[in-house]
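To keep things clear, I will list the structure first and then write my remarks on it.
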Amino acid sequence: MKTLIVEGGGMRGVYSAGVLQAFQEQGYNPYSLYIGISAGSCNISSFLAQQQHRDYRSYSWLMSSKNFISFKNVLQGKSFMNLDWLWEVNQKYNPIDVEGAFSYLSQNSKKFLAVVSNLEIGLPDYVQPTLGNWMEVLKASCAIPVFYKNKILIDGIQYVDGGLTDPLPIKKAIEMGSTEILVIRSQEFSYVKKQSFKTIIGSKFFAKHKALKELMLSHPTVYNAQVEALRANYQNIKIHEICPKDLKMGGLTKDKSLIEYTYQQGINDGMKYLLEQKAI
């Protein structure tokens with residue numbers, strides 16, 4: 001079984017949007033299982049619905065708006081990363097075709113899982129979105145603690161950003177029977193996550209919520225271990241990796257010229273991968 005995994009990373013997700021745009025242009029989609037983390041789950045949704053350039057419009061137009069990421073939001077009593085506003089305007093002016101994505105999966109017997117973090121136990125869940133909860137599942141996968149303050153409940157369980165517990169779910173894909181996996185990253189190949197002042201301070205907001213505090217503090221260790229798992233040698237399993245080079249984007253970057261540059265870089269790298277795989 002061939003599996004596609006798309007990493008999160010906030011605004012850096014525009015890179016994987018570019019890679020998937022290249023795949024769409026060439027009609028390349030041999031995968032049976034798709035696993036998205038945070039922004040990656042949104043990009044996969046557009047890919048499944050075959051909505052060309054939809055994600056680029058979101059990053060360059062709506063996500064770069066001061067209404068989405070701004071300290072002004074905090075002063076107004078909103079979340080610094082205002083997912084509620086983004087979800088509302090995106091689905092009004094630049095919607096994900098949820099019915100199209102759901103139909104594609106159903107008609108082709110394929111499966112899409114969005115990674116979310118179970119806040120109560122500090123472990124990942126892998127949720128298969130339905131027509132009724134698709135957008136809410138995507139929002140939960142993107143809900144970064146501290147940056148987004150509202151609760152997201154799915155079947156009575158509170159979830160936050162999937163990247164906290166399983167940012168690169170290689171082991172999950174293998175457990176499900178994957179024999180060939182492509183991981184589209186949002187970090188450079190040599191990237192190593194370190195404990196940051198931002199993470200330590202952020203964890204203190206949740207001193208009374210032990211599971212979440214531990215998630216935030218252990219995240220660098222979890223992430224780096226999963227990068228090692230990504231590059232380990234597995235018998236009868238092929239793992240491919242597409243990474244940006246000379247990455248200029250940060251998770252909160254709103255510079256439209258950098259967004260366009262990174263998107264085009266993703267398209268170029270996607271085309272390069274297809275050529276290497278002799279898919280075009």
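Okay, here's what the table says:
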{"read-out": "Pairs where the first residue, in the stretch 165-190, is in a loop (DSSP other than H, G, I, E, B) and the second is buried (at least 24 other Cβ atoms within 10 Å of the Cβ) and polar (S, T, N, Q), C-beta under 7 Å, 6+ apart", "value": "T165/S117; S178/T3; S186/S16"}
{"read-out": "Some residue of the stretch 55-62 being open to solvent by 20 Å² or more (accessible area, probe 1.4 Å) and under 28 Å from K110 (Cα atoms)", "value": "yes"}
{"read-out": "Top-ranked residue of the stretch 64-83 - restricted to ones that are closer than 15 Å to I144 by Cα and in a loop (DSSP other than H, G, I, E, B), ranked as farthest from the chain's Cα centre (by Cα)", "value": "K78"}
{"read-out": "Conditions (1) of a type in the set (S, T, Y); (2) touching a residue at least 60 places away in the same chain (Cβ under 8 Å); (3) open to solvent by 40 Å² or more (accessible area, probe 1.4 Å); (4) assigned to a helix (DSSP H, G or I): number failed by Y273", "value": "(3)"}
{"read-out": "Among the residues listed as I144, I96, the single one being of a type in the set (V, I, T) and open to solvent by less than 40 Å² (accessible area, probe 1.4 Å)", "value": "I96"}
{"read-out": "Filtered residues of the stretch 147-188 (kept if open to solvent by 40 Å² or more (accessible area, probe 1.4 Å) and touching a Cys at 6+ places or on another chain (Cβ under 8 Å))", "value": "E188"}
{"read-out": "Test: residue in the stretch 129-145 that is charged (D, E, K, R), within 25 Å of V74 (Cα to Cα) and assigned to a strand (DSSP E or B)", "value": "no"}
{"read-out": "Any hit, the stretch 1-16, residues being in contact with a Ser or Thr (Cβ under 7 Å, 6 or more places away or on another chain), open to solvent by 20 Å² or more (accessible area, probe 1.4 Å), closer than 21 Å to L275 by Cβ and at pLDDT 95 or above", "value": "yes"}
{"read-out": "Number of the condition not met by K210 [criteria: (1) open to solvent by less than 40 Å² (accessible area, probe 1.4 Å); (2) at pLDDT below 95]", "value": "(1)"}
{"read-out": "In the stretch 125-141, the residues that are of a type outside the set (D, E) and open to solvent by 50 Å² or more (accessible area, probe 1.4 Å)", "value": "Y126, Q128, T130, L131, G132"}
{"read-out": "The stretch 105-119, residues that are among the charged types (D, E, K, R) and surrounded by 23 or more Cβ atoms within 10 Å (Cβ to Cβ)", "value": "none"}
{"read-out": "Looking only at the stretch 22-37, and only at residues there that are among the small types (G, A, S) and open to solvent by 10 Å² or more (accessible area, probe 1.4 Å), the one that is farthest from K272 (Cα to Cα)", "value": "S32"}
{"read-out": "Selection status of K254, surrounded by 17 or more Cβ atoms within 10 Å (Cβ to Cβ) and more than 18 Å from Q24 (Cα to Cα)", "value": "yes"}
{"read-out": "All positions within the stretch 1-54 that are without any contact (Cβ under 8 Å) to a residue 60 or more places away in the chain and under 23 Å from P145 (Cα atoms)", "value": "N43"}
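The values are calculated or read from the model by the stated rules, or taken from the named source; none is laboratory data. This structure is a prediction, so every number in the text was calculated from the model and none was measured. A quick note on method: Cβ atoms are made from the backbone with ideal geometry, for glycine too, and the neighbour counts reach across all protein chains shown. Just so you know, the surface numbers come from the protein's heavy atoms only, side chains and all, with ligands and any DNA or RNA stripped out. Shrake-Rupley method; radii C 1.70, N 1.55, O 1.52, S 1.80 Å.
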